[in-house]
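Colleague: Right, I'll just put the structure down here and ask away after.
The values are calculated or read from the model by the stated rules, or taken from the named source; none is laboratory data. Bear in mind the structure is a predicted one, so any value in this text is a computation, not a measurement. Heads up, the Cβs are rebuilt from the backbone with ideal geometry, glycines too, and the neighbour counts pull from every protein chain shown. Ligands, DNA and RNA are excluded from the accessible area calculation, which covers all protein heavy atoms including side chains. Shrake-Rupley method; radii C 1.70, N 1.55, O 1.52, S 1.80 Å.
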Amino acid sequence: MDTFLEQINELNELQKDLVSIHPLFAEHYPVVVAYESLLYMYDYSSKTQQYEWVKTVPDDLYIPDECLAAMPVHHMDKRMCAIVTDAAFKNLEQKVYLFHEYVHCYVYEKYDEQIVNRLKIKHKMDQLKRVTWELDYEFPYEDEVVVERINSLMSVMKSKDMSQVLTSRMALFNSLTEEQAEYWSWLEWNEGYARYIENQIRAKLGLESNHIEDTAPFNRLVFYECGSEYISLLTKEEPGYHTNLEQLFDRMQVERIQG
């Protein structure tokens, strides 16, 4: 729909100011909008320096309401696409989430396979053909010990006392199996980094930071919060982590490996 294209191009103009936050915003990624059982597909034209409508097809991806995602789409030659619904265009607060998905597109294209393939859990899930394992892995969100240690970690990260943070992370990893710890490591890096950048965008635009899931009961969003807060601390100690995500990932593994 033309209204989607117009709003995507308005965001494209805003995106130019975000390069100062991270060079990834000099790149552009296809956008897929799911609306009324159809997929509206848009791509950036280097010739016009704007997004253009590409095609509209029936929604064979079965995108749920208010979906925010990034994944390869076969209609776009399996390129990584930001996938949203019309809800993403309600207001500026919602539109920021599209930039969050752009971060995932960037990370996937530049780092994803070379990093996730280092994890045993990835190979196990491939063998089991569990393509949605990142979304539905059986992490012990309700285990009393795990909940207590996540709460402790959240608390000490707010204090910004790095020695206490490292101790709390060690304790958390010691309460997890090796596989659970790998799952934590992958999600806190992947989702945590996207929220870390998202919150920098929010600060630039004068919006309130996103700290959803900083209290129990926990679900998958806990990785967004713990990851973004830890990355914020690490980048203050070593600014190079802001753009070198492989080094950042390696640093974030230290407590898991030592634990």
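Colleague: With axes computed from alpha carbons, what is the tilt in degrees of helix 178-205 against the longest principal axis of the chain, rounded to the nearest 10 within 0 to 90?
Modeller: Rounded to the nearest ten degrees, it is 50.
Colleague: Could you tell me the distance between the Cα centroids of segment 79-98 and segment 57-75, to the nearest Å?
Modeller: Using only Cα atoms, the two centres lie 12 Å from each other.
Colleague: Relative to the first principal axis of the alpha-carbon coordinates of the chain, what is the inclination of helix 222-237, with its axis defined by its Cα atoms, in degrees from 0 to 90 and to the nearest 10?
Modeller: Value to nearest ten degrees: 80.
Colleague: Run a plain Debye calculation on segment 63-154 (Cα atoms as equal point scatterers, no solvent) and give log10 I(q)/I(0) at q = 0.12, 0.19 Å⁻¹, rounded to two decimals, same order as the q list.
Modeller: One equal scatterer on each Cα of segment 63-154 leads to -0.57, -1.12.
Colleague: When the C-alpha atoms of the chain are aligned to their principal axes, what extent does each axis show, in angstrom, from largest down?
Modeller: Principal-axis extents of the chain (Cα, largest first): 52, 41, 31 Å.
Colleague: Shifting gears a bit: Could you compute the net charge surrounding residue 36? Neighbours are other residues with a C-beta less than 9 Å from the C-beta of residue 36; K and R count +1, D and E count -1.
Modeller: Computed value for this residue: -2.
Colleague: Okay, next question. Under a 1.4 Å probe, what is the accessible area of the chain per residue, stated in Å²? Don't skip to the end; give the middle numbers.
Modeller: Numbers: 12440 Å² over 259 residues.
Computed with neighbouring chains in place, this is 48 Å² per residue.
Colleague: Protein chains only, probe 1.4 Å: how do 176, 61 rank by accessible area, largest first?
Modeller: 61, 176
Colleague: If you don't mind, another one. Which ³J(HN,Hα) values in Hz, rounded to whole numbers, follow from the phi angles of segment 151-163 under the Karplus curve 6.51 cos²θ - 1.76 cosθ + 1.60, where θ = phi - 60° and Gly and Pro get x?
Modeller: Coupling constants for segment 151-163: 4, 4, 4, 4, 5, 6, 5, 5, 6, 6, 7, 5, 5 Hz.
Colleague: Another one. Under a point-charge model restricted to the Cβ atoms of Lys and Arg (+1) and Asp and Glu (-1), what is the dipole moment magnitude of the chain relative to its Cα centre, in debye to the nearest 20?
Modeller: Dipole size: approximately 660 debye.
Colleague: Based on the mean of other Cβ atoms within 10 Å per residue, sort peptides 210-220, 47-57 so the most packed one is first.
Modeller: Packing order, densest peptide first, comes out as 210-220, 47-57.
Colleague: Calculate the length of the line joining the C-alpha centroid of segment 114-173 to that of segment 227-246, in whole Å.
Modeller: 17
Colleague: If you average 1/r across every pair of different Cα atoms in segment 141-185 and take the reciprocal, what Kirkwood value do you get, in Å?
Modeller: Roughly 10.6 Å, rounded to one decimal.
Colleague: Same structure again: Can you send over the carbon and sulfur percentage of the accessible area for the chain, probe radius 1.4 Å, protein chains only?
Modeller: Taking all protein chains in place, the chain shows 49 percent carbon and sulfur surface.
Colleague: So, one more: With each pseudo-label sitting 7 Å past Cα toward Cβ, what's the residue 67-residue 16 distance in nm, one decimal?
Modeller: Computed distance between label sites residue 67 and residue 16 equals 3.2 nm.
Colleague: Nearest 500 deg cm²/dmol is fine: what mean residue ellipticity at 222 nm does the chain get from its DSSP H runs of n ≥ 4 alone, each adding -39,500 (n - 2.57), divided by its residue count?
Modeller: It lands at -16000 deg cm²/dmol.
Colleague: Hand me the tally of lysine pairs in segment 96-239: alpha carbons under 19 angstrom apart, and the pair either on different chains or 8 or more positions apart.
Modeller: 5
Colleague: Straight-line reach from residue 55: which aspartates and glutamates fall under 13 Å, measuring Cα to Cα and dropping same-chain residues less than 8 apart?
Modeller: 2, 43, 77
Colleague: Moving on to the next point. Quote the charge dipole size of segment 39-103 about the Cα centre in Debye, to the nearest 20; the model charges only the Cβ of Lys and Arg (+1) and of Asp and Glu (-1).
Modeller: 260
Colleague: Contour minus end-to-end for residue 57 and residue 36, with contour as 0.36 nm per residue of separation and end-to-end as the Cα-Cα distance?
Modeller: 6.4 nm
Colleague: Here's a follow-up. Would you calculate the separation in nanometres between label points at residue 74 and residue 50, each defined as 7 Å from the Cα along the Cα-to-beta-carbon direction?
Modeller: 3.3
Colleague: By the scheme Lys and Arg +1, Asp and Glu -1, what is the net charge of all other residues having a beta-carbon under 15 Å from that of residue 9? Mind dumping the intermediate values first?
Modeller: Details: positive: 16, 47, 95; negative: 2, 6, 10, 13, 17, 43, 52.
With Lys, Arg at +1 and Asp, Glu at -1, the net is -4.
Colleague: When Rg is the radius of gyration of the Cα atoms in segment 102-221 and Rh is its Kirkwood radius, what does Rg/Rh come to?
Modeller: For segment 102-221, the value is 0.97.
Colleague: With all protein chains present, calculate the accessible area of residue 133 using a 1.4 Å probe and round the result to the nearest 10 Å².
Modeller: About 10 Å², rounded to the nearest 10.
Colleague: Then there is this: Place +1 on the Cβ of every Lys and Arg and -1 on the Cβ of every Asp and Glu in the chain, take the dipole about the Cα centre, and give the residue among 210, 155, 189 whose Cα lies farthest towards its positive end.
Modeller: Projecting each Cα onto the dipole axis, the largest value belongs to 189.
Colleague: Taking only Cα atoms and a 10 Å spring cutoff, compute GNM fluctuations for the chain and point out the largest among 20, 152, 185.
Modeller: Comparing 20, 152, 185 in the GNM, the peak value goes to 20.
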